[in-house]
1. Per the Kirkwood definition applied to all pairs of different Cα atoms, how many angstroms is the hydrodynamic radius of the range 267-385?
2. Express in Å², to the nearest 10, the accessible area of ILE86 obtained by rolling a 1.4 Å probe over the protein heavy atoms while all chains stay in place.
3. Going through the cross-link list LYS12/LYS77; LYS107/LYS214; LYS44/LYS85, which pairs have a Cα-Cα distance over 24 Å in this structure?
4. What percentage of the solvent-accessible surface of the chain, computed with a 1.4 Å probe over protein heavy atoms, is contributed by carbon and sulfur atoms?
5. Angle check, please: helix 369-378 long axis (alpha carbons) against the longest principal axis of the chain (alpha carbons), in degrees 0 to 90, nearest 10.
6. GluC sites (Glu not before Pro), restricted to the range 79-140: which are DSSP loop and have at most 15 other Cβ atoms within 10 Å?
7. Using a 1.4 Å probe, what is the accessible area per residue for the range 273-356, in Å²?
8. How would you rank 518-529, 222-233, highest first, on the average number of other Cβ atoms within 10 Å across their residues?
Amino acid sequence: MAEAGSFAERVKSQADIVRVVGEYVRLKKSGKNYTGLCPFHGEKTPSFAVHPVKQIFHCFGCGKGGDVFSFVMEMEKCPFPEAVKIVAEKCGIPVPRPKERTPEQRKENQQRAALIEIHREAQSFFVRQLESTAEGRAARAYLEDRGLNAETIARFGIGYAPSGGDSLLRHLKPKYAETLLVESGVISRDQSGARLFDRFRKRITFPISNESGKIVAFGCRALGDELPKYLNSPESPVYSKSSVLYHMDRAKETIRRQDFAILVEGYMDAIAVANAGIANVVASCGTSLAEPQIKLLGRFTKRVIVNYDPDAAGQAATERSLTLLLENDFEVKVLALPPIDDKKADPDLFIREKGPETYIKALKEAPPYVDYLIGRARQMDLSTGEGKQRALNFLMPYVQKIPNQLLRSEWATRIAQQLRIDEPVLRAALNKSANERRSEVKVAPQLVGRPAKQIERRLIRMLAEAEGFKRELAQRLQQGRLYEGLETEKIFAALIIAGLSEEPVSATEIGAHLEERERRLFFEILFEDAQEPSWEEAESCLEALRRRQIEQELATLQRTIEANPSGKGLRELLERKQQLMKQLAAAS
Ligand SMILES: [Zn+2]
């Protein structure tokens, strides 16, 4: 894959697979390897391993394995050149300008560039409307009423989409093809398909940028009582709702530096929090968080304070997000703001009423999600047995997600105390859920490599990595054809070719020449705990293979003799038999 001297080769030699994989998977050091939960199949106990020296990964559960590039290709669902670019960027290696692309790629890039440009044009159009029209002034008054001054409005690029219905269309139409305008999502087509019109009308507009700061969508709030209250851009080639976090482009540096993020629901909340001087805030812009958004956030931190709206929808969203965050190994706190004068407070309202200092104090005191959930459970009716059972059923799914046994046990004591549940009853429930957790790891038998014999496994390992003598070993195996007929013959063949070649060949390249089953077995062997190989051990393994070879020839010979006892050439056969018997005696 990576040609010698190529850019990919250079990236591979400089990239650290542990670091790159570590951006997607929480890895823990375990012996020589790093292990974690496999991102390619659902599991609760780690069977995914990364080898820092060999720079490969392998999952003992689903069998996926390869080098840093195959990992990123699988993870990002992208082709090889894209993976090389991503790894380079993650490792701070400058990427050379791409060579001539295919016509399709060029067209796609042009389209994306045009869509970004349309958003930029729409953005300045909306901002102008807010600044200089009568309608816009009314919108401005509303914003000021919500505590947003001119500086904030400018800083967050807030604008206004007028009520007319085609003013943006008239502005953009001379420059862009209709299909492109519709594709961008700022312009809609009516059902008959004949008429185009502005998607956003009489609404305050909030530009939504992707991670690199390019505007790719708009979130719009109705100025009056029009429904829906919030209307956002549709999905487009430049915008996928589930993988964008509002304010991420500006928050990411602070999130990385402070190693935590505040997660709020809407853009007004994010703006209010950022305005209070807390830069590491992002909004999910929807009721609940999606997996790609979590992956995006996880590249900058694994610690998050969830501060969703305190209403029922917000609570449900908090709990859904919690599940996803815990599954992705986040350390989570939950801030549930106290009501203000009996009014449920979202971050925006809370900061307006109580001031930034009070909000910052509340953030600092935000409890771990455990306590938040116990608090929620305590709101249930605990006076009856069924009520307690319901509370327990509510808590158990979260307990199940705690990988650490000690922590799980601590939880049990706390839940028992707070909910006044008998500790033995609770522990029984806990153990049951822990067992369910274990039983979730199912390894499909056809995915497991064949259990090659110990000698074969050792020789394969030595051929792959005994720098001192792997060439010599490859020669001996080849000359004596000692590996022929072994179950692992194909792995040996690939390793021998690699061992005899002048250029170093990586495990992944060898794997690329193998059938999937063989590749899995090969990677499994590479990850086995094993002692340092020595030439003495190699020789004794070779010896064993030689014995096996002689025994096999003897068996064949014997069958030939017995099949035809009076045949021609019997004498030669018997002589050969004698010879082999002697060899065998000498070998043992
Ligand atoms: Zn897996």
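The values are calculated or read from the model by the stated rules, or taken from the named source; none is laboratory data. As the structure is a computational prediction, the values presented were derived from the model and not from experiment. Please note: Cβ atoms are built from the backbone with ideal geometry, for glycine as well, and neighbour counts cover all protein chains shown. Quick note on the areas: whole protein, heavy atoms, side chains included, nothing else; ligands and nucleic acids left out. Shrake-Rupley method; radii C 1.70, N 1.55, O 1.52, S 1.80 Å.
1. Working: mean 1/r = 0.0668 Å⁻¹.
About 15.0 Å for the range 267-385.
2. Here the residue's solvent-accessible area equals roughly 30 Å².
3. LYS44/LYS85
4. 50 percent
5. Approximately 60 degrees, to the nearest 10.
6. On the way: sites: GLU82, GLU89, GLU100, GLU104, GLU108, GLU117, GLU121, GLU131, GLU135; in loops: GLU100.
Answer by residue number: GLU100.
7. 37 Å²
8. Descending packing order for the listed peptides: 518-529, 222-233.
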